[in-house]
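Just below is one structure, and these are the notes that go with it.
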Amino acid sequence: MHGAIKGNMALHAALIDKKVPHEFRVRDGEHNWTYWRTALPEVLKFVGGRFHR
């Protein structure tokens, strides 16, 4: 398991313990252009919806 995922999973567990509403997603793939080309539209929609007020 890659090092970054371990930290992300630990943060996810801490947020659950503190009952902080959040969304945690894990996707297969390397963080290369192919990965981001398919993920970025959804990520931007999610982030944009949170900051648009």
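How many of the residues making up the range 3-13 are farther than 19 Å from residue 50 by Cβ and within 11 Å of the chain's Cα centre (by Cα)?
Restricting attention to the range 3-13, the residues satisfying the condition of being farther than 19 Å from residue 50 by Cβ are 3-7, 9-10, 13.
Now restrict to residues that are within 11 Å of the chain's Cα centre (by Cα): 5, 9.
So the count comes out to 2.
Cβ-Cβ distance below 7 Å, separation of 6 or more or different chains: which pairs start in the range 1-23 with a residue that is of a type in the set (A, V, I, L, M) and end on one that is modelled with pLDDT of 90 or more?
Taking only residues 6 or more apart or on different chains, the pairs are 15/22.
If you take the residues in the range 1-13 that are surrounded by fewer than 10 Cβ atoms within 10 Å (Cβ to Cβ) and aliphatic (A, V, I, L, M), which one is farthest from residue 46 (Cα to Cα)?
Once the filter is applied, the top-ranked residue is 1.
For (1) outside any helix (DSSP H, G or I); (2) modelled with pLDDT under 85; (3) among the hydroxyl-bearing types (Ser, Thr, Tyr), each residue gets a yes or a no:
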| residue | (1), (2), (3) |
| --- | --- |
| 7 | no, no, no |
| 11 | no, no, no |
| 16 | no, no, no |
| 19 | yes, no, no |
| 25 | yes, no, no |
| 31 | yes, yes, no |
| 37 | no, no, no |
| 43 | no, no, no |
| 48 | no, no, no |
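In the range 14-37, what residues are more than 11 Å from the chain's Cα centre (by Cα) and surrounded by 11 or more Cβ atoms within 10 Å (Cβ to Cβ)?
Going through the range 14-37, the residues more than 11 Å from the chain's Cα centre (by Cα) turn out to be 14-21, 28-37.
Scanning the range 14-37 gives 15, 16, 31, 35, 36.
Tell me which residues, restricted to the range 43-52, are exposed (fewer than 11 other Cβ atoms within 10 Å of the Cβ) and under 16 Å from residue 23 (Cβ atoms). First the steps, then the outcome.
Applying the first criterion (exposed (fewer than 11 other Cβ atoms within 10 Å of the Cβ)) to the range 43-52 yields 44-45, 47-52.
44, 45, 47, 48, 49, 50, 51, listed by residue number.
The values are calculated or read from the model by the stated rules, or taken from the named source; none is laboratory data. Predicted model, so just to flag it, every value in this text is computed and none were measured. Reconstructed Cβ throughout: ideal geometry from the backbone, glycine too, with neighbour counts over all protein chains shown.
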